[in-house]
Amino acid sequence: MKLKTLLLALTAAAVVTGNAFAQTPIVIKFSHVVANDTPKGKAADRFKELAEKATKGRVKVEVYPNSTLYKDKEELEALQLGAVQMLAPSLAKFGPLGVKEFEVFDLPYIFPSKDVLYRVTEGPVGKDLFKKLESKGITGLAYWDNGFKVMSSNKPMHVPADFKGMKMRIQSSKVLDAQMRALGANPQVLAFSEVYQALQTGVVDGTENPPSNLYTQKMHEVQKHVTLSDHGYLGYAVIVNKKFWDGLPADIRTALDGAMKDATKYANAIAQQENDKAMEAVRKSGKTTIYSLTPGEKAEWRKVLLPVQKEMEGRIGKDVITAVNKEAAALGYK
Ligand code: LMR
């Protein structure tokens, strides 16, 4: 009698769901450290929407923004352990994982334009970098753009000499460490979630980030000066736990690949406008003075920062740096 009731219930469920057995969805936990209202935050939400639609609900994507689940270093460990399935760390955060080549993206002035950047991320250089993640149990799915960085602090920063002795927060990249030292500053690695408080309490004097991060973390409220220096780039690698990814049913993986392609197009289409909007909002807040370098000052910055490219050859690999420079040359940049 009991068995008959169970069979009846299952038949009813099959009618409702169209399945003999209602399936529990595959859950993708996608953790990141920035606000929802940023290029990465918006792209993660778009991926969730597209992925759930493309898999007709067989996949559920749970997005955890703003370091609510894990902070910078922890999130990479969590991914390797399988506690989360997907992340999009900044390209400056792969050094501690032992994949130092990613720090090529941090070299000052390495990308003369976004076109060069896209040739790198969408071409063989981007693919080769992703191959280096496989031995770490990680699969690279896509590169998401953010933008060129500005400098912020409580003192004006017009020429490199202004940085002398300043404590500057950096991400965990040796290239960024060398960059700040070249400017005469004292770099300090801090997790993104700790930056606002460190700036507010004076643990550090300043930092660098694209405007979208500066604004959404309210850093402009505790930084009197911003310099539009465009001295370096910040973008992301969307990565998954390899074992999880390889273990997915093939049709699901294909659907997720498609969703990721569309989310990537969206991410790259909104990045610049999100940063422009954020800069405008900082300007309107009236809390921060925004400074544009004169051509002479720009030349001084370049003179001090360009040698970092050579200095970091041993760490990143000359071949990777040359490959990036070749992409720039292909577009007519020297
Ligand atoms: C930072 O740590 O400064 C940022 O790169 C955070 C992010 O993911 O954009």
Test item: Cα-centred dipole of the chain, Lys/Arg +1 and Asp/Glu -1 on Cβ, debye: 380 debye
Within the chain, longest stretch free of exposed chymotrypsin sites (Phe, Trp or Tyr not before Pro) [DSSP loop, at most 13 other beta carbons within 10 Å]: 22-332
Cross-link partners of Lys326 among aspartates and glutamates (Cα-Cα below 18 Å; sequence separation of 8 or more within a chain): Glu101, Glu103, Asp106, Asp115, Glu122, Asp128, Glu313
Accessible carbon and sulfur surface of the chain relative to its total accessible area, %, 1.4 Å: 55 percent
Unsatisfied cross-links (Cα-Cα over 19 Å) in the set Lys114/Lys334; Lys114/Lys149; Lys53/Lys265; Lys136/Lys318; Lys149/Lys310; Lys48/Lys132: Lys136/Lys318; Lys149/Lys310; Lys48/Lys132
Spacing of the two label points (7 Å from each Cα toward its C-beta) at Asp128 and Ala250, in nm: 3.1 nm
The chain, accessible area per residue, ligands and nucleic acids excluded (1.4 Å, Å²): 46 Å²
Extension gain, Tyr333 back to Lys218 (0.36 nm per residue minus Cα-Cα distance, nm): 37.8 nm
Cα coordinate range in the chain, projected on the principal axes (Å, largest first): 87, 43, 31
Dipole of the range 128-270, positive direction: furthest Cα of Thr139, Ser172, Pro211, with charges on the beta-carbon: Ser172
Cα-projected label distance for Glu77 with Ser285, points at 7 Å along beta-carbon direction, nm: 3.2 nm
Cross-link table Lys71/Lys261; Lys218/Lys277; Lys93/Lys243, entries beyond 23 Å C-alpha to C-alpha: Lys71/Lys261
Separation of alpha-carbon centers, the range 113-129 and the range 195-241, rounded to whole Å: 24 Å
Loop sites in the range 17-99: trypsin sites (Lys or Arg not before Pro), DSSP, at most 10 other Cβ within 10 Å: Lys56
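The values are calculated or read from the model by the stated rules, or taken from the named source; none is laboratory data. In this text, all values refer to a predicted model and were calculated from it rather than measured experimentally. A quick note on method: Cβ atoms are made from the backbone with ideal geometry, for glycine too, and the neighbour counts reach across all protein chains shown. Keep in mind that these areas ignore ligands, DNA and RNA; they rest on the heavy atoms of the full protein, side chains included. Shrake-Rupley method; radii C 1.70, N 1.55, O 1.52, S 1.80 Å.
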